[in-house]
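Undergrad: This is the structure I want to talk about, given as structure tokens.
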């Protein structure tokens with residue numbers, strides 16, 4: 001099997017000092033390439049890689065019989081994933097015209113092809129997921145993210161070399177939770193997170209400046225509009241862009257590199 005191509009070999013930066021220029025900025029396919037294939041499927045991941053993504057993002061849940069799967073929602077056909085066996089979940093998905101891969105299937109396919117951004121949707125299987133990923137990937141070839149602070153802290157306590165990111169931007173978050181997302185450094189430190197993974201709507205009120213002062217890289221999700229992607233590509237304080245539109249982001253990055261041979265991005 002061929003190793004990672006130069007574009008796929010961009011380093012996952014976990015230090016914020018000085019920021020990154022456009023040549024180092026990562027483009028991450030959100031759940032693969034959902035504009036072209038069903039999200040969180042092998043076909044979607046393959047398409048994201050073909051479009052030039054540096055990493056792919058996948059969501060992890062666990063079934064009743066303890067199988068780790070790549071799936072975003074907590075429900076399928078109004079039934080909780082955690083209450084169904086993998087075979088039951090798979091049958092429902094097949095009836096809807098797609099296949100749900102196990103996490104191990106994703107790992108086997110993506111090994112030595114592309115780096116991973118693995119989001120844990122639930123608590124309780126942190127050790128299991130780290131051990132599983134580590135069978136196929138080196139520690140500098142993946143990151144783990146979660147909205148669950150305790151999951152990140154658990155991972156860092158037992159696997160200090162694994163890079164973890166605190167997800168920010170929960171849908172319909174209570175007021176105090178939303179404030180903690182605009183000002184997340186205490187949470188970030190308690191969770192021992194290496195970086196912040198923030199929704200683009202949080203990039204206000206000095207968010208990026210605070211992250212930079214605290215030496216925390218920032219991954220931004222989910223940026224799909226051309227104007228927003230261009231802005232993020234130009235900003236050295238943004239280390240990675242998570243997008244449903246990998247082809248657009250890759251094309252814009254390529255054009256910017258042609259405009260500026262040095263690849264220097266500007267702060268905003």
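Undergrad: Here are 69, 100: which of them is modelled with pLDDT of 95 or more and part of a loop (DSSP other than H, G, I, E, B)?
TA: Among 69, 100, only 100 is modelled with pLDDT of 95 or more and part of a loop (DSSP other than H, G, I, E, B).
Listed here are the residues, each with its yes/no results for (1) surrounded by 15 or more Cβ atoms within 10 Å (Cβ to Cβ); (2) in a loop (DSSP other than H, G, I, E, B); (3) without any contact (Cβ under 8 Å) to a residue 40 or more places away in the chain; (4) touching a helix residue (DSSP H, G or I) at 6+ places or on another chain (Cβ under 8 Å).
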{"position": "119", "(1), (2), (3), (4)": "yes, no, no, no"}
{"position": "123", "(1), (2), (3), (4)": "no, yes, yes, yes"}
{"position": "127", "(1), (2), (3), (4)": "no, no, yes, yes"}
{"position": "132", "(1), (2), (3), (4)": "yes, no, no, yes"}
{"position": "154", "(1), (2), (3), (4)": "yes, no, yes, yes"}
{"position": "157", "(1), (2), (3), (4)": "no, no, yes, no"}
{"position": "166", "(1), (2), (3), (4)": "yes, no, yes, yes"}
{"position": "171", "(1), (2), (3), (4)": "no, yes, yes, no"}
{"position": "177", "(1), (2), (3), (4)": "no, no, yes, no"}
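Undergrad: Looking at the structure I just gave you, is residue 198 surrounded by 18 or more Cβ atoms within 10 Å (Cβ to Cβ), at pLDDT 95 or above and assigned to a helix (DSSP H, G or I)?
TA: So residue 198 does not fit the description; no.
For every residue, the table says whether it meets (1) under 18 Å from residue 47 (Cα atoms); (2) not in a strand (DSSP E or B).
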position	(1), (2)
215	no, yes
228	no, yes
232	no, yes
241	yes, no
249	yes, yes
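Undergrad: What are the residues in the stretch 60-101 that are closer than 18 Å to residue 33 by Cα, in contact with a strand residue (DSSP E or B) (Cβ under 6 Å, 6 or more places away or on another chain) and surrounded by fewer than 19 Cβ atoms within 10 Å (Cβ to Cβ), if any?
TA: 72
Undergrad: Give the stretch 66-89 a look and list any residue that's closer than 19 Å to residue 133 by Cα and in contact with a helix residue (DSSP H, G or I) (Cβ under 7 Å, 6 or more places away or on another chain), or say none.
TA: 67, 68, 69, 70, 71
Undergrad: Scanning the stretch 46-59 for residues that are touching a strand residue (DSSP E or B) at 6+ places or on another chain (Cβ under 9 Å) and part of a helix (DSSP H, G or I), which turns out surrounded by the fewest Cβ atoms within 10 Å (Cβ to Cβ)?
TA: Step by step, filter the stretch 46-59, then rank; the result is 47.
Undergrad: Considering only the stretch 103-117, how many residues are assigned to a helix (DSSP H, G or I) and either on the phi > 0 side of the Ramachandran plot or in contact with a strand residue (DSSP E or B) (Cβ under 7 Å, 6 or more places away or on another chain) (or both)?
TA: Total meeting the criteria: 3.
Undergrad: In addition: Filter the stretch 160-181 down to the residues that are at pLDDT 95 or above and touching a strand residue (DSSP E or B) at 6+ places or on another chain (Cβ under 9 Å) and list them by number.
TA: Once the filter is applied, which keeps residues that are at pLDDT 95 or above and touching a strand residue (DSSP E or B) at 6+ places or on another chain (Cβ under 9 Å), the stretch 160-181 yields 162, 163, 164, 165, 166, 167, 168, 169.
The values are calculated or read from the model by the stated rules, or taken from the named source; none is laboratory data. What you are looking at is a predicted structure, and each value in this text was computed from that prediction instead of being measured. Please note: Cβ atoms are built from the backbone with ideal geometry, for glycine as well, and neighbour counts cover all protein chains shown.
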